[in-house]
């Protein structure tokens, strides 16, 4: 087995690049997680050994003894100091802006391209240093035996610039998270990173890829989750997660998860054949101050689910095709700054075990009297076969201080926007259209579901921003609204508040 070092003073004998990117590293029979666990067992053994017992082994004996290490490290590549120095400035800029929360798409593109250009040019500087492999591994093992610190071990294992740790195809993400400092900034290079999984991402870690179309973390239908466990002060940006069995990013810990960004991440084929109530692209419980924006969810068992969580919770500017059971659900969320804004969702076929239920569901959740939960300016198109599914359900099983404004629905379910209980719930300026289909029901409703309710607010049809509908039921009748009359607005008052317009059709999808 050979270890490839990148040296700045040698000619190329083997290219690790294709035309523009790293060549894919072949899949090992041992997953990165198994390699990591075997490595830890090996290092525990090494720590208790007499160093002379390690030195006295011949090369063949040592490589057999150190197989857990070589399995883990045998596909990595090292860049020379000049290359690392050349990428240090753009990586420092990426790190600074990411930590400030000011890394725009344009900034990312500019700095990531600078890194890419340097790494691509370095292919003429490669050399396969097979002869040095055994010596390099022996030195690393002996250093660990002599109580080398985890941070020093990290620096020896990975390409570092001082400002960032590079993760290239063949590197082990779990080991980087374990050995490198807690607040590390990881730049994930372009290429396919097979079956990577990280447990308990370190506090303050930032994971930034070269771009969603360039950096792929592929679970290969054999890995359950990409990132799982308690997450704090961390950011995930500019890469794709695909083919994970259960979840993409799972943040579930009773001790709390806070200050998290998921920006420009694509989730594709996550949770195939799984229950969307339990599994999906982003699953979060006991979280606070989370932003998910400019990301894409395609063929997932569910897209985003927050449970027992506190605002701020921002879900903004995302897109989805086939979001599974729900695109978004807030299950017992509360507090200020809960925003579900300007998301675009479409359904063409079922993914996961559950039919699409509600694109957006606000379940037993409460905003504040001066800061309502906002479900505004979203749009959804297409439905599954659920006879209870809707575009937006507010105050499901109760809740208060919620509003839905400016949303557009095109055949989005059996109901457009429903208010299923709760207090102080406002629906304003939405446009709902549906053709007749076997489950089509009503554009808007107000009902008392399981508990008392009040103050359901629908501005009148003469208001500046009325709700509008052209909704045809399964029976072929126009059906713009329904109310039980027990939540502060009568059936007739609700019908009178909705502006029915035959000019509303499927082309509302394209309204700005």
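The values are calculated or read from the model by the stated rules, or taken from the named source; none is laboratory data. The structure presented is a predicted model; accordingly, all values stated were derived computationally and were not measured. Every residue, glycine among them, receives a Cβ derived from its backbone with ideal geometry; neighbour counts consider all protein chains shown.
What the table below lists for this structure:
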{"quantity": "Search result, residues across segment 190-202 that are in a strand (DSSP E or B), more than 20 Å from residue 151 (Cβ to Cβ) and in contact with a helix residue (DSSP H, G or I) (Cβ under 9 Å, 6 or more places away or on another chain)", "calculated": "193, 194"}
{"quantity": "Failed criterion for residue 299 (all others in (1) crowded, with 21+ Cβ neighbours inside 10 Å; (2) on the phi < 0 side of the Ramachandran plot hold)", "calculated": "(2)"}
{"quantity": "Search result, residues across segment 48-91 that are in contact with a strand residue (DSSP E or B) (Cβ under 9 Å, 6 or more places away or on another chain) and not in a helix (DSSP H, G or I)", "calculated": "75, 76, 77, 78, 79, 80"}
{"quantity": "Residues located in segment 313-322, provided they are part of a strand (DSSP E or B) and either farther than 12 Å from residue 286 by Cα or touching a residue at least 60 places away in the same chain (Cβ under 8 Å) (or both)", "calculated": "314, 315, 316, 319, 320, 321"}
{"quantity": "Some residue of segment 104-114 being surrounded by 15 or more Cβ atoms within 10 Å (Cβ to Cβ), out of contact with any strand residue (DSSP E or B) (no Cβ under 6 Å at 6 or more places or on another chain) and assigned to a loop (DSSP other than H, G, I, E, B)", "calculated": "no"}
{"quantity": "Selection within segment 449-459 - more than 21 Å from residue 413 (Cβ to Cβ) and in a loop (DSSP other than H, G, I, E, B)", "calculated": "451, 452, 459"}
{"quantity": "Strands (runs of 3 or more DSSP E) wholly inside segment 206-274 that include at least 2 residues being over 23 Å from residue 313 (Cβ atoms)", "calculated": "215-218, 232-242, 247-270"}
{"quantity": "Residues (touching a strand residue (DSSP E or B) at 6+ places or on another chain (Cβ under 8 Å) and in a loop (DSSP other than H, G, I, E, B)) located in segment 92-103", "calculated": "101, 103"}
{"quantity": "Residue in segment 412-422 that is in a loop (DSSP other than H, G, I, E, B), surrounded by fewer than 18 Cβ atoms within 10 Å (Cβ to Cβ) and out of contact with any helix residue (DSSP H, G or I) (no Cβ under 7 Å at 6 or more places or on another chain) present", "calculated": "no"}
{"quantity": "For residue 311: the one exception among (1) within 13 Å of the chain's Cα centre (by Cα); (2) farther than 14 Å from residue 392 by Cα; (3) buried (at least 19 other Cβ atoms within 10 Å of the Cβ)", "calculated": "(1)"}
{"quantity": "Criterion: part of a loop (DSSP other than H, G, I, E, B) and either modelled with pLDDT under 95 or within 36 Å of the chain's Cα centre (by Cα) (or both) - qualifying residue of 474, 443, 462", "calculated": "462"}
{"quantity": "Any chance residue 382 is under 26 Å from the mean Cα position of the chain (by Cα) and surrounded by fewer than 19 Cβ atoms within 10 Å (Cβ to Cβ)", "calculated": "yes"}
{"quantity": "Yes/no for residue 449 being at pLDDT 95 or above and either over 22 Å from residue 406 (Cα atoms) or buried (at least 17 other Cβ atoms within 10 Å of the Cβ) (or both)", "calculated": "no"}
{"quantity": "Checklist (1) at pLDDT below 95; (2) closer than 28 Å to residue 161 by Cα; (3) surrounded by fewer than 20 Cβ atoms within 10 Å (Cβ to Cβ) applied to residue 88, failing item", "calculated": "(1)"}
{"quantity": "Matching residues, segment 115-127, being part of a helix (DSSP H, G or I) and either surrounded by 14 or more Cβ atoms within 10 Å (Cβ to Cβ) or free of Cβ contacts under 8 Å to residues at least 24 places away in the same chain (or both)", "calculated": "115, 116, 117, 118, 119, 120, 121, 122, 123, 125"}
{"quantity": "Test: residue in segment 487-496 that is outside any strand (DSSP E or B), touching a residue at least 12 places away in the same chain (Cβ under 8 Å), crowded, with 17+ Cβ neighbours inside 10 Å and touching a helix residue (DSSP H, G or I) at 6+ places or on another chain (Cβ under 8 Å)", "calculated": "yes"}
{"quantity": "Among residues of segment 388-411, those that are assigned to a strand (DSSP E or B), at positive phi and in contact (Cβ under 8 Å) with a residue 60 or more places away in the chain, counted", "calculated": "0"}
{"quantity": "Any hit, segment 134-142, residues being in contact with a helix residue (DSSP H, G or I) (Cβ under 7 Å, 6 or more places away or on another chain) and closer than 19 Å to residue 88 by Cα", "calculated": "no"}
{"quantity": "Qualifying positions in segment 323-371 - in a loop (DSSP other than H, G, I, E, B) and buried (at least 23 other Cβ atoms within 10 Å of the Cβ)", "calculated": "323, 324, 325, 333, 343, 347, 351, 352, 356, 367"}
{"quantity": "Residue list for segment 146-189, filter: in a helix (DSSP H, G or I), in contact with a helix residue (DSSP H, G or I) (Cβ under 8 Å, 6 or more places away or on another chain) and crowded, with 18+ Cβ neighbours inside 10 Å", "calculated": "153, 154, 157, 173, 174, 175, 176, 178, 179"}
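Let's see how each residue does on (1) surrounded by fewer than 24 Cβ atoms within 10 Å (Cβ to Cβ); (2) farther than 28 Å from residue 102 by Cβ; (3) within 10 Å of the chain's Cα centre (by Cα); (4) modelled with pLDDT of 95 or more:
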{"residue": "224", "(1), (2), (3), (4)": "yes, yes, no, yes"}
{"residue": "229", "(1), (2), (3), (4)": "yes, no, no, yes"}
{"residue": "232", "(1), (2), (3), (4)": "yes, no, no, yes"}
{"residue": "243", "(1), (2), (3), (4)": "yes, yes, no, yes"}
{"residue": "248", "(1), (2), (3), (4)": "no, no, yes, yes"}
{"residue": "254", "(1), (2), (3), (4)": "yes, yes, no, no"}
{"residue": "265", "(1), (2), (3), (4)": "no, no, yes, yes"}
{"residue": "271", "(1), (2), (3), (4)": "no, yes, no, yes"}
